[in-house]
1. Open to solvent by less than 10 Å² (accessible area, probe 1.4 Å) and not acidic (Asp, Glu): which single residue out of Leu88, Leu116, Leu92 fits that description?
2. Is it the case that the range 194-216 has a residue that's part of a helix (DSSP H, G or I), more than 24 Å from Tyr528 (Cα to Cα) and open to solvent by less than 50 Å² (accessible area, probe 1.4 Å)?
3. Starting from residues that are in a loop (DSSP other than H, G, I, E, B) and among the small types (Gly, Ala, Ser), keep the ones in the range 399-430 and report whichever is least open to solvent (accessible area, probe 1.4 Å).
4. Please give the number of the condition Lys95 fails out of (1) more than 14 Å from the chain's Cα centre (by Cα); (2) of a type in the set (D, E, K, R); (3) in a helix (DSSP H, G or I).
5. What about Val51, is it farther than 19 Å from Leu411 by Cα, open to solvent by less than 50 Å² (accessible area, probe 1.4 Å) and of a type outside the set (D, E, K, R)?
6. Of all residues being of a type in the set (D, E, K, R) and closer than 25 Å to Asp395 by Cβ in the range 69-127, which is modelled with the lowest pLDDT? Just the residue, please.
7. Does the range 367-398 hold any residues that are more than 22 Å from Leu63 (Cα to Cα), open to solvent by 40 Å² or more (accessible area, probe 1.4 Å) and assigned to a helix (DSSP H, G or I), and which are they?
8. Hey, can you tell me all the residues within the range 1-30 that are assigned to a helix (DSSP H, G or I), free of Cβ contacts under 8 Å to residues at least 12 places away in the same chain and under 21 Å from Trp434 (Cβ atoms)?
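The values are calculated or read from the model by the stated rules, or taken from the named source; none is laboratory data. This is a predicted model, so every value here is computed, not measured. With ideal geometry, Cβ positions are generated from the backbone for all residues, glycine too; neighbour counts draw on all protein chains shown. Surface areas here come from the heavy atoms of the whole protein model, side chains and all, with no ligands, DNA or RNA. Shrake-Rupley method; radii C 1.70, N 1.55, O 1.52, S 1.80 Å.
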Amino acid sequence: MALAGTSKVVLGCVAFGIFWVLAVFPTVPFMPVGRTAGSLLGAMLMVLFRVISPEDAYAAIDLPIIGLLFGTMVVSIFLERADMFKYLGNLLSWKSRGSKDLLFRVCIVSAIASALFTNDTCCVVLTEFILKVARQNNLPPQPFLLALATSSNIGSAATPIGNPQNLVIAVESGISFGQFLLGVFPAMIVGVLTNAAILLCYFWKYLSVEKDQEGGQPAGPEVVADDEVTSHRFTPARMSHVSSLNPDDMDCISEPIIRSNSVRSTSANENLRSRSVNSEADIQLAIKSLRASSMSHEMVEVSTVTDRRDEGASSRKFTRTASQQRSVIIEDSPPSPASNGEKEKEDEAAEKRWRVFVWKTAVYLITLGMLIALLMGLNMSWTAITAALVLLALDFTDAQACLEKVSYSLLIFFCGMFITVDGFNKTGIPNTLWELVEPYSRIDSAKGVALLAVVILILSNVASNVPTVLLLGTRVAASAAAISHDSERKAWLILAWVSTVAGNLTLLGSAANLIVCEQARRAQFFGYNLSFWSHLRFGVPSTIVVTAIGLLIVTSY
């Protein structure tokens, strides 16, 4: 495709430049409107400048990707309601063996969770919990926040539903869920382990500092109480039950029934209260007198019970001790209204717990069924939408509360981005630049794969990973298709791997990085500011090493 007219090229670059600035820096001083408004503004300018027609703008919106995003969002919302992420959080602190073990767990758990529930969702849910755990153990938060952000990005590369750019690649390439998983999953596992090893080496000195054993945890803002960590895990409140009473307690309850005992015990207690006990001898004397008064009434009492047989009445005598009388009174007395009410509350609570258990089980089974359907090669968009609608119907409540949690701003952002990127493609600039690089970036040679990876890596951090996939996807695939059909699929997988891992290079390279940074900064009482340079110092070596190792595995598939 040749370059368009000069006016179209200039106006298209202006519209795309405004979109890029607002997408990468959503709070710029001259126009702090955010990413979503910036995306719509770029799309509107493309239409107003006549770079793209209104009809082509509507056609540029990829509805299968929007549907797949919507379905996975709804499923993630139900999984969060079903305490899936609480259980993931519990895995981080369950029988932890120290700071290094905790860091390794953060890497593994966040990677697996991101592959199944998208990296952005994982970072939103786990950032504050991980920050609290680090503070509670008096550990530096930086390595754990970097572990969450980088491992989430690497883990999300394994599946088509792990991140937005993979959704685009899966829909555009037609690669099935199973083929995608087989092609990238081994690289993801090795990449996560490599990233964890780099983290441990980089922060070994900080993680080796032991807590002060003598003084306990030092006071100050660095420490978070244990109950705060527990409360963030959304531990369900337990129903309060009546504690079992021992025999002495039962005697105390039934004591007022025996009048003679109650009178004397009361008088003894009053005498005890009236006295001024000033020494240990007075206390012992008072206790002895109270025991003596209670023991004196453990005598045999004679009771007369009228035994009516036939029409006559005869009386017989039997003996019971006072404790036996108390047990008879307790057993024969009708249940009090208070005990009936407590039993009803316990039954109601048990029924509620059972309903919650059944509902959670259904959510997990439906999610598992969605993953199986994706592995079977069914249409990914309609599979995710179907699972979302089944969950909404299963909830038996108004779906408005659940649908309000869907990130419609992200869906609108994608719509505007599709229009903006398609308009920029019509200027002919991306195609012209690719023609200059394409002869040297063929994937049938190691140098070509390396050059292609560098182009994707740089462009993903300059123009963001999703626009990079939209700009380069079809061109890279077409170049690889000239070699072989298998090369075309391999090119798509290389694009998925490199564009995703490239997000670890800088703080602005991935939305997951920004989510971790903002969530940590805004955390109350235990906030932490993850700076751009602190992320860059670790991100550059980690991204280069992980990308290179992953490319060796993906290209060998």
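1. Leu92
2. First, the residues of the range 194-216 that are part of a helix (DSSP H, G or I): 194-202, 204-207.
Going one step further and asking which of them are more than 24 Å from Tyr528 (Cα to Cα), we end up with 194.
From the residues that got through so far, the ones that are open to solvent by less than 50 Å² (accessible area, probe 1.4 Å) too are 194.
Looking through the range 194-216, at least one residue is part of a helix (DSSP H, G or I), more than 24 Å from Tyr528 (Cα to Cα) and open to solvent by less than 50 Å² (accessible area, probe 1.4 Å).
3. Only one residue fits best here, namely Gly428.
4. The number of the failed condition is (3).
5. yes
6. Keep residues of the range 69-127 that are of a type in the set (D, E, K, R), which gives 80-81, 83, 86, 95, 97, 100-101, 105, 120.
Pick out the ones that are also closer than 25 Å to Asp395 by Cβ and you get 80-81, 83, 86, 120.
Numbers: Glu80: 82, Arg81: 87, Asp83: 84, Lys86: 77, Asp120: 80.
It comes out as Lys86.
7. If the condition is that a residue be more than 22 Å from Leu63 (Cα to Cα), open to solvent by 40 Å² or more (accessible area, probe 1.4 Å) and assigned to a helix (DSSP H, G or I), then Leu368, Ile372, Ala393, Leu394 are the ones that fit.
8. Step one: of the range 1-30, the residues assigned to a helix (DSSP H, G or I) are 6-24.
Narrowing the set further to residues that are free of Cβ contacts under 8 Å to residues at least 12 places away in the same chain leaves 6-7, 10, 17.
Thr6, Val10, Gly17 - these are the residues of the range 1-30 that are assigned to a helix (DSSP H, G or I), free of Cβ contacts under 8 Å to residues at least 12 places away in the same chain and under 21 Å from Trp434 (Cβ atoms).
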